[in-house]
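Asks: Handing you this structure, nothing more for now.
The values are calculated or read from the model by the stated rules, or taken from the named source; none is laboratory data. A quick note: this is a predicted structure, and the numbers were derived from the prediction, not measured. Neighbour counts are summed over all protein chains in view; Cβ atoms, including those assigned to glycine, are modelled from backbone coordinates with ideal geometry. Side chains included, ligands, DNA and RNA excluded: accessible areas come from the protein's heavy atoms. Shrake-Rupley method; radii C 1.70, N 1.55, O 1.52, S 1.80 Å.
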Amino acid sequence: MDFELSDVQEQYLKSLRELCRAEILPHTRAIENDVEILQRNLKRLGDFGLSSLVYPEKYGGSDADAITNTLAWLELAQTCPSTFLSMGASTGLCGYTIFKLGTEEQKEKYLKPVARAEMIGALALTEPSVGSDLAAAKTKAIRDGDYYILNGSKMFITNGPIADCVVVLAVTGEKGGAHRMSLFIVDKDCPGWSSGPPLDKMGVRGSPTSALYFDECRVPAENLLGKEYEGFYRVMECLTFFRIGMACFSLGIAKASLTEAIKYAVQREAFGTAIYNHQDVSFRLAEVKTEIDAAEMLILQAAWQFQLGNDATREASMAKLLASEVGKRAADVAVQVHGGYGYISDYRVEQLYRDARLGEIGEGVSEVQRMLIARSLLLD
Ligand SMILES: Cc1cc2nc3c(=O)[nH]c(=O)nc-3n(C[C@H](O)[C@H](O)[C@H](O)COP(=O)(O)OP(=O)(O)OC[C@H]3O[C@@H](n4cnc5c(N)ncnc54)[C@H](O)[C@@H]3O)c2cc1C
C-alpha cells in the first residue's frame with residue numbers, strides 16, 4: 001500500500017481544511033435547527049469540487065483517486081458529521097449508483113447536477129418494516145406502457161425532505177425476493193411521491209431524514225437504473241463505496257472528539273494540576289489515539305483495494321465496523337474528560353456523542369457488517 005500524496009493532493013486537502021474550518025465549523029451547532037445552513041454547505045462543497053472529486057471530468061469531476069477522496073471525506077466528517085452524511089447520501093450513494101449503473105443520458109441528467117450539488121440526491125432502500133433484510137422489501141413497481149407505477153413507502157431516508165431525485169429499490173412485478181428487484185431514478189417531477197416531515201433524531205440533526213411515500217407514482221420507463229431484476233445485487237455492490245464513507249464519518253467524529261478532549265484536559269485543573277496530568281485521563285486519550293490510527297489504517301486499506309478495482313466488500317465492512325466502535329468510544333471518553341460540561345450542549349462533545357451513535361446503524365448495522373466479513377472468510 002502506498003499512501004504518499006502528491007503536492008497537488010496535499011494542496012487540495014489543505015485548502016479543503018481551511019474551507020471547513022472557516023465556513024463550516026462555526027455553524028455545526030446552528031445547522032441542527034436550520035436546513036438552509038446544510039443546503040449552503042452542500043452548494044459550497046459542490047463548487048469546491050468535493051462532492052464530485054472521484055467522478056470523471058466529463059461528469060464535472062476531478063477523476064481523483066480513492067485515497068485522496070477518503071482523506072477529503074475525513075476532513076469534512078471531523079468538521080461537520082451532518083453535512084458529511086447529507087453530502088455522502090447525495091453523491092456517494094445516489095450519485096455513485098447512477099455512475100455505476102446509469103446510461104449516458106441518466107448520467108448527464110442526474111449524475112452531473114448531483115455531483116455539482118445543483119441537485120440533492122438520496123438512496124431509498126430501507127422500508128418501515130425492513131432494513132437489514134432488504135431482500136424482503138415490499139415497495140412495488142409495475143410496468144404500465146412507457147411507465148412504471150410505484151407503490152409503497154421507504155423509511156429513514158437521508159435527504160428525504162430536500163431531495164430532487166431518489167434512487168429507489170422496488171420489487172418489479174407481483175412476486176418479491178432479491179432476484180425480482182429493480183432500481184429506479186424517481187425525479188422530483190414524477191407525480192405521486194412525497195416526503196414525510198423530518199424525523200426528530202438523536203444525532204446528525206442537521207441532516208434531514210424522513211419517510212418517503214409512493215402512491216401510484218408514475219416513473220418513466222427510461223428511469224429504470226441498470227437492468228430489470230438485477231437491482232438488489234447491483235445496489236449491494238455500489239454500497240461498498242460509501243461504506244468506506246460511513247467509516248470516515250465515525251473516524252472523523254473520533255478525531256474531533258480526541259482534539260476536543262486534549263484541548264479541555266490541558267486547561268482544566270483538578271487536585272492542583274491539569275487533568276491531563278492524571279494518568280487515568282492521559283492513558284485513555286493514548287488508547288483513543290491508538291484506536292484511531294488502527295481504524296484509519298483499515299479505512300485506507302479499504303480505499304486502496306477500491307482504487308485497485310478489487311472487491312473491497314470485506315475491507316469496507318471491517319473499516320466501518322471498527323471505526324464505528326472507535327467513534328463511539330472516543331466520543332464517550334471525550335464527554336467523560338469534560339465532566340459535567342460534557343453533558344451540556346455548549347460543548348461540542350455533547351453533539352459528537354449523539355452523532356457517533358449512527359455509525360453502528362447507518363448503511364448496515366454492525367451485525368450485518370460482521371455477517372459480511374464472516375461470509376467472506378469462507379471464500380478465502
Ligand atoms: C439517520 C439515519 C439515516 C439513514 N439513511 C438511510 C438512507 O439514506 N437510505 C436508506 O435506505 N436507509 C437509511 N437508513 C436506514 C438504515 O440503513 C437502517 O436503519 C439499517 O440498515 C438497519 O435497518 P433497521 O433499522 O430496519 O433495523 P433492523 O434490520 O430491524 O435491525 C434491528 C436490529 O436487529 C439486529 N439484527 C438485524 N439483523 C440481524 C442479523 N442478521 N444478525 C444479528 N442481528 C441482527 C441488530 O441488532 C439490528 O440493529 C438510515 C438510518 C438512520 C438512523
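Asks: Could you work out how far apart the two model spin labels at K289 and I373 are, taking each label as a point 7 Å from the Cα in the direction of the beta carbon, and quote it in nm?
Replies: 2.5
Asks: Next question, about the same structure. Each residue of region 109-126 in order: what ³J(HN,Hα) in whole Hz does its phi give by Karplus 6.51 cos²θ - 1.76 cosθ + 1.60, θ = phi - 60°, with x for Gly and Pro?
Replies: Values per residue, Gly and Pro as x: 6, 10, 5, 4, x, 5, 5, 8, 6, 7, 10, 9, x, 8, 10, 10, 10, 5 Hz.
Asks: Would you mind working out the magnitude of the charge dipole of the chain relative to its Cα centre, with +1 at each Lys and Arg C-beta and -1 at each Asp and Glu C-beta, to the nearest 20 Debye?
Replies: Magnitude of the dipole: close to 520 debye.
Asks: With the Cα gyration tensor of region 42-91 giving a ≥ b ≥ c as the square roots of its eigenvalues, does the rule (a/c under 1.5 for rounded; else a/b larger than b/c for prolate; else oblate) give rounded, prolate or oblate?
Replies: Oblate, since a/c reaches 1.5 and b/c is not below a/b.
Asks: Could you calculate the FRET efficiency of R40 with E108 from 1/(1 + (r/R0)^6), where r is the beta carbon distance between them and R0 is 22 Å, rounded to 0.05?
Replies: 0.25
Asks: Take L199 and L308, extend 7 Å from each Cα along the Cα→Cβ direction, and tell me the distance between the two endpoints in nm.
Replies: About 3.7 nm separates the two model spin labels.
Asks: For region 194-206, just list the computed ³J(HN,Hα) in residue order, Karplus coefficients 6.51, -1.76 and 1.60, θ = phi - 60°, integers in Hz, with x standing in for Gly and Pro.
Replies: Running phi through 6.51 cos²θ - 1.76 cosθ + 1.60 with θ = phi - 60° gives 8, 10, x, x, x, 6, 7, 9, 5, x, 5, 6, x Hz.
Asks: Given 10 Å bins starting at zero, what is the percent of C-alpha pairs of the chain in each, up to the one with the largest pair distance?
Replies: Calculated P(r), rounded to whole percents: 5, 24, 33, 24, 10, 3, 1, 0.
Asks: Enter the accessible area per residue of the chain (Å², integer; probe 1.4 Å; all protein chains in place).
Replies: Accessible area per residue: 44 Å².
Asks: To one decimal place, what Kirkwood hydrodynamic radius in Å is obtained for region 1-47 from all pairs of distinct Cα atoms?
Replies: Answer for region 1-47: a Kirkwood hydrodynamic radius of 12.2 Å.
Asks: Can you list residues whose amide H is under 5 Å from G196's amide H, if they're 5+ apart or on another chain and H is modeled 1.01 Å from N?
Replies: Those lying under 5 Å, H to H, from G196 are A211, L212, Y213.
Asks: Answer with one residue from N69, M119, S257: the one whose Cα lies farthest towards the positive end of the charge dipole of the chain, charges on Cβ with Lys, Arg +1 and Asp, Glu -1.
Replies: Of the candidates, S257 comes out farthest on the positive side.
Asks: In addition: Given axes a ≥ b ≥ c from the Cα gyration tensor, I'd like to know whether region 240-372 is rounded (a/c under 1.5), prolate (a/b larger than b/c) or oblate.
Replies: Cα axes put region 240-372 in the prolate bin.
Asks: Within region 156-199, find all residues whose amide N lies under 16 Å from a label point positioned 7 Å from the Cα of A221 along Cα-to-beta-carbon.
Replies: Inside the label zone: 172-173, 183-185.
Asks: Using each residue's phi in region 72-80, evaluate 6.51 cos²θ - 1.76 cosθ + 1.60 at θ = phi - 60° and report the 3J(HN,Hα) Karplus result to the nearest Hz, with x for Gly and Pro.
Replies: Along region 72-80, the couplings run 5, 4, 4, 4, 5, 4, 7, 8, 8 Hz.
Asks: Right, something else. Would you mind classifying region 46-148 by shape? Square roots of the alpha carbon gyration tensor eigenvalues, ordered a ≥ b ≥ c; an a/c under 1.5 is rounded, otherwise it is prolate if a/b is larger than b/c and oblate if not. Show your work: numbers first, answer last.
Replies: Working: a/c = 2.46, a/b = 1.39, b/c = 1.77.
Cα axes put region 46-148 in the oblate bin.
Asks: With the cut-off at 31 Å, tell me which of the pairs K138/K188; K58/K138; K43/K154; K58/K289; K43/K138; K43/K100 have Cα atoms farther apart than that. Can you show the working numbers first?
Replies: Working: K138/K188 22 Å; K58/K138 36 Å; K43/K154 26 Å; K58/K289 40 Å; K43/K138 34 Å; K43/K100 23 Å.
Correct reply: K58/K138; K58/K289; K43/K138.
Asks: If you don't mind, there's one more thing I want to ask. Each label point is 7 Å from the Cα along the Cα-to-Cβ direction; what then is the distance between the points at D144 and Y233, in nm?
Replies: Simple spin-label model gives 3.0 nm for this pair.
Asks: Heavy atoms only, probe 1.4 angstrom, no DNA, RNA or ligands counted: give me W73, W193 ranked by accessible area, highest first.
Replies: W193, W73
Asks: Mind pulling up the Rg/Rh value for region 122-229? Radius of gyration and Kirkwood radius, both on Cα. Before the final figure, lay out each step's value.
Replies: On the way: Rg = 13.2 Å, Rh = 13.8 Å.
A ratio of 0.96.
Asks: Not counting ligands, DNA or RNA, and with a 1.4 Å probe, what is V368's accessible surface area in Å² rounded to the nearest 10?
Replies: Accessible area of V368: about 30 Å².
Asks: Counting helices only, and only those DSSP H runs with n ≥ 4, report the 222 nm mean residue ellipticity of the chain as the sum of -39,500 (n - 2.57) divided by its residues, in deg cm²/dmol to the nearest 500.
Replies: Working: 11 runs with 170 residues, N = 380.
Computed ellipticity for the chain at 222 nm equals -14500 deg cm²/dmol.
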